[in-house]
């Protein structure tokens, strides 16, 4: 059974940092691109970052470029999202996706 | 950026009725590989999104065959031949052909 389990969310002050993790199981992790997608409370879905299967290339929308960094450890089947200089508009549930499969999400709240 | 326009915003249907959701993109989703990366997902209330259809019309193995997808270039449709209670939720189309990846704003299906 494929599982994607995110962790690391929580309440953080504006300007601070947070690192999310996503542990994958049930599929060959290092064969797949991985993606983070977020959903603000009551809103739609927004792409946050993608990484190739080897980790050699990464992609970001302008809204997070320069602040967020996606990375992966294929030996640990784990995906990461380092989020710096957080803003209130980054408040959302962050999903790890394969992208055929989705995790349950982890909530990040940016507030003073 | 590719804008994904979904209609209708909401649907209220009785069990057994057919459903149709439209998704239009602001530019062609036909990629240089010859593939069209248009996907459909369903987010049930309180849950993370679940995969339904990829590359316009390919159903994932666990998806019932009452679901179907069609379209090309910039116009796509998700159809449910006979709605069942478990089909309620918000349906999103999203494109993976062009960066940034973009999502439709969602269609909420309610069961009468």
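The residues of region A:94-112 that are over 9 Å from the mean Cα position of the chain (by Cα), more than 11 Å from residue A:7 (Cα to Cα) and either within 11 Å of another protein chain (Cβ to nearest Cβ) or in a strand (DSSP E or B) (or both), listed by number, are A:98, A:99, A:100, A:101, A:102, A:109, A:110. Scanning region A:6-31 for residues that are out of contact with any helix residue (DSSP H, G or I) (no Cβ under 8 Å at 6 or more places or on another chain) and assigned to a loop (DSSP other than H, G, I, E, B) yields a count of 9. Does residue B:47 meet the test of being surrounded by 13 or more Cβ atoms within 10 Å (Cβ to Cβ), at negative phi, modelled with pLDDT of 95 or more and out of contact with any strand residue (DSSP E or B) (no Cβ under 7 Å at 6 or more places or on another chain)? Considered against the rule, which asks whether it is surrounded by 13 or more Cβ atoms within 10 Å (Cβ to Cβ), at negative phi, modelled with pLDDT of 95 or more and out of contact with any strand residue (DSSP E or B) (no Cβ under 7 Å at 6 or more places or on another chain), residue B:47 comes out as no. When residue A:53 is tested against the conditions (1) closer than 23 Å to residue B:41 by Cα; (2) within 14 Å of chain B (Cβ to nearest Cβ), the lone failure is (2). Among the residues of region A:58-76, is there at least one that is within 12 Å of the chain's Cα centre (by Cα), within 13 Å of chain B (Cβ to nearest Cβ) and within 19 Å of residue B:50 (Cβ to Cβ)? Looking for residues that are within 12 Å of the chain's Cα centre (by Cα), within 13 Å of chain B (Cβ to nearest Cβ) and within 19 Å of residue B:50 (Cβ to Cβ), one finds none in region A:58-76, hence no. How many residues does region B:62-88 contain that are within 13 Å of chain A (Cβ to nearest Cβ) and surrounded by 13 or more Cβ atoms within 10 Å (Cβ to Cβ)? Within region B:62-88, residues that are within 13 Å of chain A (Cβ to nearest Cβ) and surrounded by 13 or more Cβ atoms within 10 Å (Cβ to Cβ) number 1.
Filter region A:23-45 down to the residues that are away from every other protein chain (no Cβ under 12 Å), in contact with a strand residue (DSSP E or B) (Cβ under 6 Å, 6 or more places away or on another chain) and surrounded by 13 or more Cβ atoms within 10 Å (Cβ to Cβ) and list them by number. Passing the criteria: A:23, A:24, A:34, A:40. Residue B:20 meets the stated requirement of being more than 22 Å from residue A:46 (Cβ to Cβ) and touching a strand residue (DSSP E or B) at 6+ places or on another chain (Cβ under 8 Å). Taking every residue in region B:91-103 that is under 14 Å from residue A:33 (Cα atoms) and at the interface with chain A (Cβ under 10 Å from one of its Cβ atoms) and pairing it with any residue that is crowded, with 21+ Cβ neighbours inside 10 Å and modelled with pLDDT under 95, at least 6 positions away or on another chain, the pairs with Cβ-Cβ distances below 9 Å are B:96/A:99; B:101/A:99.
The values are calculated or read from the model by the stated rules, or taken from the named source; none is laboratory data. Quantities reported herein were computed from a predicted structural model and do not represent experimental measurements. Please note: Cβ atoms are built from the backbone with ideal geometry, for glycine as well, and neighbour counts cover all protein chains shown.
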